[in-house]
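Quick notes on the structure that follows.
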Amino acid sequence: MALLQISEPGRTPDPHQRKRAVGIDLGTTNSLVASVISGTARTLPDQSGQHMLPSVVHYGSEGNVVVGEAARAMAVDYPENTLASVKRFMGRGLSDVKEDSSARQYRLSDCDDGMVRFETSAGDVSPVEVSAQILLALVDRAQETLAGTIDGAVITVPAYFDEAQRQATKDAATLAGIPVLRLLSEPTAAALAYGLDQSAQGLVAVYDLGGGTFDISILRLHEGLFEVLSTGGDTALGGDDFDEAIVGWVSEELGELETDRARYREMLREARAAKEALSSNETAQMRFSWTETRLTLSREKFEEMISESVTQTVRTCRRTLRDAGVGLEEIDAVVLVGGSTRVPAVREAVALWSGREPLADLDPDRVVATGAALQADQLVGNRPGDELLLLDVIPLSLGIETMGNLVEKIVPRNSTIPLQRAQEFTTYKDGQTAMAIHVVQGERELVSDCRSLARFELRGIPPMVAGAARILVTFQVDADGLLSVTAREEGTGVESRVQVQPSYGLREEEIANMLKASFEHAGGDKVARQLAERRLEAGQLLEGLQAALDVDGDSLLEVAERETIDREMLALQKMLDSEDDREIKRQTERLSRASEVFAGRRMNASISVALSGQALDSLDKELN
Ligand code: ADP
Ligand code: MG
C-alpha cells in the first residue's frame, strides 16, 4: 500500500475555511458522532445531552421512522418493527445469520442482492437502509452543532469486516448522503484517540468488547502509521450475550421459558439495566410487568454467568498475539474499548492477561468516535502540518480523454477503495465502429497536463448515427489499488478492458506536485476547458452542417440562403483558433440561427441527421 501514501499539499486554511469533518462510530448497540472543536476531538450530544445514540430504528406502519432512544423504548411493544443490532446483518445473507442470536427476534427474508431483509409492517427493509437512518440522525446532530453541511466523514468498521460488510457500510453512507472520507478500522481509531500515533513506534493491543462483538487487534506503529499485525475476535460475543445469559437465569428463576416476544424483549431490557448497574454496585434489582416476583442479581452471580465468555476472550487474545508473532512483553500499550469493558471482571481479566493496567482514561464508549474525528479532521485538510497519511483512497483523480483534449473525471481523488464508477459515453461520428479509450490520472482539465495511464480500444460497435451508441465505461479499483477499466457497448454487449496500476511509478512528491499544480492552475484550467468546449461545439456544428449540406443543400436551399450559411460557416471556421471562447460561442450561435431554416426543412423532409448539439462527452478519436 506504499503507493497510496500521499501528502496533502501544504495549504494553509484560515480558521474560517475550516472544513466540517466528523468521525462516526456506527456501532452494533450504540452509535456516536464526534468532531474536532477548538483543537479537541469530542463526541457531540443530542439536544437532551445524550452522546450515545442507540443503534435502533423503529418503522411505524404509517411510514414514520423513529431512531435512537425513543425507538429502543418501542422495542417491547413493537418487536418486529423495531430493529436493533443490524450491524450484525450488514452485507450478510439469510444463511449467514440464521444462527445468530439476534436473528430470532425478527422476521427475516432473503433478497436477490444477497442481503437479508427485515419484514416490518412498513414493508421490507434492508440492514443498509436501517444503518442509513442511524447515520442520518447522527449527521443531523452534527450539522446542527457545527452549523453547516458536513464536508466529510470517517466511519469506523470492525477490523474483521469483509468486503461485503464494508461495502454495505459505504452504501448506507451514500444512502444518507454522507461524503465518506474513508472507512477506518475501530482499533486504529481507538489508538489514534489515545494519541498513540505520536510515539515513535510501538506495539498496541486493542481489546474491544462492545454490545455485539468482541475484537482484539494487535497494531504496530511505524513512522506514524498503524499497521494491523493481526486481528481476532468473535462476531457473536459481547454485552448482548451477557444480557442473554441474565435472561437465561431470569427464566430459570421465574420458572418459565419466555416464548412471548414482547416479554422476551422486556427481559432483555431489564437484564441490560441490571448488568450495567452491577459495574458500580454489588447487587441489582429486576422487576417485570407481568409478575409480582422481584429478582436480585449479585455481581458475583453475574460474573459466574459470564466467566466462560470472558475467559474465551482472553484465549482469543493469546492466540491473536501468537498470530502477530510478538510476545506479551513487547506490547507497549493495551487499550480498552467498548461499553462492556466497564464490567470490572472484564478489566481484571485483561489486566491479568497483559500484566499491566490497560489504558482506560477515555470513555470506552466514545474512544472510537473520538479517534475517527481526529482522522477525519486530518483527511479534510484541517491539519496542514501533518504530512503522510496512509490512505486507502486513490491519490489522484482518474478519468478518460474526451473530445478536444479534455479530461472527463470518472473517479475523483480521495475516493475510498475498493470502488466502482461507471459513466456512459457515445459515439462522435455517424457509423463509428471503434472507440479509443485513453485513461488518465490527475487533477488538471486538459489531457496534456495529466498523466497517461493506458490506452485501449473498443471495437465492434455496430454502425449507428452519431450519439446513438451507448458505451458504458466502468472504472474499478480494487483494495490493492489496482485499476481496471472496461468499455462496453450496451446494445450488443461488446466489451473491452485494460488493467493498470494507477499510482505506478509516481513518487509521493510527484503526486504532491500534480495536486499543487491543479490548485494553482484551477482558474486557468477552467478557461482552457471552456475554450476547448467551445471549439468542440463549433467543430461539431461545422462538421454536421457540412455533411447535411452535402446531401440536401442543393435541394432544400435557395441560392441566397446557401450563401448566408456558407458565409457564417467560413467565419466560424476562421475563429476556431481564436483564444476567446466568448467570440467562438457568439459565432456558433450565429451559425445555428442561420441554419435553422435549413434544419427545419430537413426535419420536415423527415431526414433525421443530427445537425448540432452533440453531447460533449462524445469520445474523440475515431479509428476508422
Ligand atoms: P457497540 O460497539 O457494540 O455498539 P458499545 O461499545 O456501545 O457497543 O457497548 C455496548 C455494550 O456495553 C452494551 O452491551 C451495554 O450494555 C454495555 N455497557 C454499557 N455500559 C455498561 C456498564 N456500565 N457496565 C456494563 N456494560 C455496559
Ligand atoms: Mg464499538
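The values are calculated or read from the model by the stated rules, or taken from the named source; none is laboratory data. If you're wondering where the values come from, they're calculated on a predicted model, not measured in any experiment. All Cβ positions, glycine included, derive from the backbone under ideal geometry; neighbour counts span all protein chains shown. For accessibility, only protein heavy atoms count, side chains too; no ligands or nucleic acids. Shrake-Rupley method; radii C 1.70, N 1.55, O 1.52, S 1.80 Å.
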Revision key, fill the gap. The aspartates and glutamates whose Cα lies under 18 Å from the Cα of Lys19, excluding any fewer than 8 residues away in the same chain, are Glu8, Asp140, Glu144, Asp151, Asp377, Asp386, Glu387
Revision key, fill the gap. Computed from the beta carbon distance with a Förster radius of 60 Å, FRET efficiency for Leu94 and Ser452 to the nearest 0.05 stands at 0.80
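I want the local charge near Met286. Using Cβ-Cβ distances under 11 Å, sum +1 for each Lys or Arg and -1 for each Asp or Glu among the other residues.
Once all neighbours under 11 Å are counted, the net charge is +2.
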Revision key, fill the gap. Within the under-12-Å Cβ sphere about Gln573, not counting Gln573, Lys/Arg +1 and Asp/Glu -1 give a net charge of -1
**Study point:** Charge-dipole axis of the chain as Lys and Arg at +1 and Asp and Glu at -1 on Cβ define it, positive-most pick from Ser55, Val477, Met569
**Key:** Met569
Check your understanding: Label point 7 Å out from Ala273 along Cα-to-Cβ: which residues of segment 296-313 have amide N under 12 Å?
Key -> none
Practice item. Would you please state the base-10 log of I(q)/I(0) at q = 0.06, 0.10, 0.11 1/Å for the chain, with intensities from the Debye formula using one equal scatterer on every alpha carbon? Key: -0.44, -0.96, -1.09
**Study point:** Pair Asp478, Ala547: separation of 7 Å Cα→Cβ label points (nm)
**Key:** 4.0
Check your understanding: Each label point is 7 Å from the Cα along the Cα-to-Cβ direction; what then is the distance between the points at Gln143 and Thr492, in nm?
Key -> 4.7
Review point. Can you give the accessible area of Val247, probe radius 1.4 Å, in Å² rounded to 10?
Key: 10
Revision key, fill the gap. Of the accessible area of the chain, computed with a 1.4 Å probe and all protein chains kept, carbon and sulfur make up a percent value of 47
**Study point:** Mean separation of Cα contacts under 8 Å (6+ apart) over length of segment 175-311, as relative contact order %
**Key:** 14
Review point. Between Ile37 and Gln50, what length comes free when the chain is fully extended (0.36 nm per residue of separation minus the Cα-Cα distance, one decimal in nm)?
Key: 2.9 nm
Check your understanding: Roughly how many whole Å is it from the C-alpha centroid of segment 68-140 to that of segment 157-207?
Key -> 22
Review point. Working out 0.36 nm times the residue gap between Gln420 and Ser199, then minus their Cα-Cα distance, what length gain in nm do you get to one decimal?
Key: 75.9 nm
Revision key, fill the gap. With the charge dipole of the chain built from beta-carbon charges (+1 for Lys and Arg, -1 for Asp and Glu) about the Cα centre, the Cα from His438, Gln546, Gly177 projecting farthest to the positive end belongs to Gln546
Point to revise | Heavy atoms of Glu253 accessible to a 1.4 Å probe, total area in Å² rounded to 10 | key: 100
Check your understanding: What are the residues whose amide H is under 5 Å from the amide H of Ser85, where those residues sit 5 or more places off or on another chain and H is modelled from the backbone?
Key -> none
Study note, to complete from the structure: Taking r as the C-beta separation of Thr564 and Glu119 and R0 as 41 Å, the FRET efficiency to the nearest 0.05 is 0.05
Review point. Given the protein chains as shown and a 1.4 Å probe, how many square angstrom of Lys526 are accessible, to the nearest 10?
Key: 140
Practice item. Obtain the nm distance between the two label points defined at Cys111 and Arg470 by a simple spin-label model: each point lies 7 Å from its Cα along the Cα-to-C-beta direction. Key: 2.4
Exercise for review: Compare the Cα positions of Leu225, Ala34, Ser578 along the charge dipole of the chain (+1 at Cβ of Lys, Arg; -1 at Cβ of Asp, Glu; about the Cα centre) and return the one farthest towards the positive end.
Suggested key: Ser578
Review point. When ranked by the protection proxy of mean other Cβ atoms within 10 Å per residue, highest first, what sequence do the peptides 129-135, 107-113 form?
Key: 129-135, 107-113
Check your understanding: Tell me, what is the percent relative contact order of the chain, built from C-alpha pairs under 8 Å that lie six or more residues apart?
Key -> 14
**Study point:** Full-stretch length increase - Asp554, Arg294 - with 0.36 nm per residue and alpha-carbon distance subtracted
**Key:** 83.5 nm
Check your understanding: How high is the FRET efficiency from Val65 to Arg459, r the C-beta distance, R0 51 Å, rounded to 0.05?
Key -> 0.50
Point to revise | Paramagnetic label zone (point 7 Å from Cα along Cα-to-C-beta, Leu328; backbone N under 16 Å) in segment 223-263 | key: none
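For every helix of n ≥ 4 consecutive DSSP H residues, a contribution of -39,500 (n - 2.57) applies; sum these over the chain, divide by its total residues, and give [θ] at 222 nm rounded to the nearest 500 deg cm²/dmol.
Details: 15 runs with 215 residues, N = 624.
Only helices count here, giving -11000 deg cm²/dmol.
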